[in-house]
Every structure is written in structure tokens, then in C-alpha cells.
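A short worksheet on the structure shown next.
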Amino acid sequence: MIPDAQQAQPQATQPDAMTSRDAPAAAPIPSVVVARAGRYYRNARFIMVTLVIGFGAYFLYDGFIAYPKKNDVERAKPENINQVGEFIGKLPYSEWDIFLQKALGFAMPPLGLAYLAFFMRRSRGEYRMENQQIAIPGHPPFHIDEITKLDKKLWDRKGIAVVSYETASGQKGAATLDDFIYDRKPTDQIYDAIVANLKDRAAST
């Protein structure tokens, strides 16, 4: 028989560090969150505007210089002129071709500038949340507790949410959060703060 002192003693099991540890918590939302116009959104549209205006200039060059010059070259060829001095050849560009180039050339730069004004206005200013006060361009500042509804049906697919609010002074509105037009990370942080606030308020009622 093995002496008692030498008998194997059961060892206490150690908790599994991996199983006892909770899932990583989400990063805390800063007290001040600022989402400015998204760099990709604006840069891509600057390129589009430049291309539209550039094509307009190219069409104007064709309409006023290149097409008439090529027509003049054809008119000057001896084989295209009959004995009485009449042009009998075929011009590479018709009057309609030249008119169309001029029309496109005059139309495209204003369209490009109009689009520039549109997307600059759409991405103007910044989203800002500070001390639970939220500011979104085109809307009065409102407290997070003044939010009455959050429409998030487009959030998962497009990163768009509509925030309805009613301020203490009676101002009502529906502001849009868009994490494509504005910086994604801070926009998502504002969205997460709103979702958490609404859940807390629902749980307390």
C-alpha cells in the first residue's frame, strides 16, 4: 500500500483562459466625434468633373477648328473640284457633325460645374457629436435624447441611416447619416452611439 503522503493528490483544474474570457468589447466611442467629407467621395467626383469639362473643351476644338480644317483640306484637293470650280467630293464632316460638336462643347462645362456645386454642397461641413449633442449640415444641433426615430433599413447595405428628431424648441426634422459621403469610421461611431442610446431608452421604459 502506498503511504498516504505519497498518494497522488487531485489537482485543481485551472479555468480555460480562452473560454472564460468574454468576447472583445467594442472600442469606446470618443466624447467628440467628427466626420468630414470622405476623401474618396470627393476625389472621385473631382476627376469626373475634370473629365466632363475636358471633353467639353475637346468638342469645342473639334467643332471650331479640327472638323472645319479637315473639310477645308478636302475642298482644296484638285480631284474634288470640277471644271467650273465646283466641289464634287465628299466632306468628312457634315454641318450637323460640326453643330453637334459645338453644342456638346458648350453644354458639358456648365454641366460639369453644376455637378461640382451639387456634390460639394452634398458633402459640405461635417458630422459632429460632442457631449451627446449632434450637428449635421442642414439641420439644427440636437441632443441624442431628442432623437425620435432611426430608420436603418439601408444601413447594412449602403451605410445610410435617417435620424428623425424633435428639439426642445419644437424643431422637427430628418437628417441623413451617410458613411460613403462622409468619413466612414466617425460616421459609424455616431450611428453606434445613437443605436445604443435608443436601446437604453427603450430598456428603461
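Annotations for the structure displayed:
- Of the numbered criteria (1) surrounded by fewer than 17 Cβ atoms within 10 Å (Cβ to Cβ); (2) in a helix (DSSP H, G or I); (3) among the polar types (S, T, N, Q), the one Asn71 fails is (1).
- Condition met for Ile98 (closer than 27 Å to Phe118 by Cα, touching a helix residue (DSSP H, G or I) at 6+ places or on another chain (Cβ under 7 Å), in the same structural domain as Phe118 (by TED's automatic domain parsing) and surrounded by 12 or more Cβ atoms within 10 Å (Cβ to Cβ)): no
- Exclusive hit being surrounded by fewer than 17 Cβ atoms within 10 Å (Cβ to Cβ) and of a type outside the set (A, V, I, L, M, F, W, C), set Asp200, Asp178: Asp200
One line per residue, one yes/no per condition, for (1) within 24 Å of Pro30 (Cβ to Cβ); (2) touching a residue at least 40 places away in the same chain (Cβ under 8 Å); (3) in a helix (DSSP H, G or I); (4) of a type in the set (Asp, Glu):
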residue: His139; (1), (2), (3), (4): yes, no, no, no
residue: Asp145; (1), (2), (3), (4): yes, yes, yes, yes
residue: Leu150; (1), (2), (3), (4): yes, yes, no, no
residue: Lys153; (1), (2), (3), (4): no, no, no, no
residue: Ala161; (1), (2), (3), (4): yes, no, no, no
residue: Ala168; (1), (2), (3), (4): no, no, no, no
residue: Leu177; (1), (2), (3), (4): yes, yes, no, no
residue: Asp188; (1), (2), (3), (4): yes, no, yes, yes
residue: Lys199; (1), (2), (3), (4): yes, no, yes, no
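- The condition of being in contact with a Gly (Cβ under 9 Å, 6 or more places away or on another chain) and of a type in the set (D, E, K, R) holds for only one of Asp178, Asp145, that being Asp178.
- No other residue among Asp145, Asp97, Asp156 is over 30 Å from Ala203 (Cα atoms) and of a type outside the set (A, V, I, L, M) apart from Asp97.
- Scope region 53-92; condition of a type in the set (Asp, Glu) and closer than 29 Å to Pro110 by Cα; matching residues: Asp62
- Residue match in region 153-164 (condition: out of contact with any Asp or Glu (no Cβ under 9 Å at 6 or more places or on another chain) and either of a type outside the set (Lys, Arg) or surrounded by 16 or more Cβ atoms within 10 Å (Cβ to Cβ) (or both)): yes
- Residues satisfying the stated conditions in region 30-62, i.e. aliphatic (A, V, I, L, M), over 21 Å from the mean Cα position of the chain (by Cα) and surrounded by fewer than 15 Cβ atoms within 10 Å (Cβ to Cβ): Val32, Ala57
- Whether a residue is modelled with pLDDT of 95 or more and either over 16 Å from the mean Cα position of the chain (by Cα) or under 30 Å from Asp62 (Cα atoms) (or both) was assessed, and Asp192 passes this test.
- Of the criteria (1) under 30 Å from Lys199 (Cβ atoms); (2) over 22 Å from the mean Cα position of the chain (by Cα); (3) among the hydroxyl-bearing types (Ser, Thr, Tyr), which one Ser94 fails: (1)
- Residue match in region 179-192 (condition: among the β-branched types (Val, Ile, Thr) and within 12 Å of Val33 (Cβ to Cβ)): yes
- The single condition from (1) surrounded by 12 or more Cβ atoms within 10 Å (Cβ to Cβ); (2) modelled with pLDDT under 90; (3) more than 30 Å from His143 (Cα to Cα) that Gln9 fails is (1).
- Subset of region 87-126 (residues that are of a type in the set (D, E, K, R), closer than 30 Å to Ile190 by Cα and without any contact (Cβ under 8 Å) to a residue 12 or more places away in the chain): Arg121
The values are calculated or read from the model by the stated rules, or taken from the named source; none is laboratory data. As the structure is a computational prediction, the values presented were derived from the model and not from experiment. Ideal geometry is used to build each Cβ from the backbone, glycine not excepted, and the neighbour counts take in all protein chains shown.
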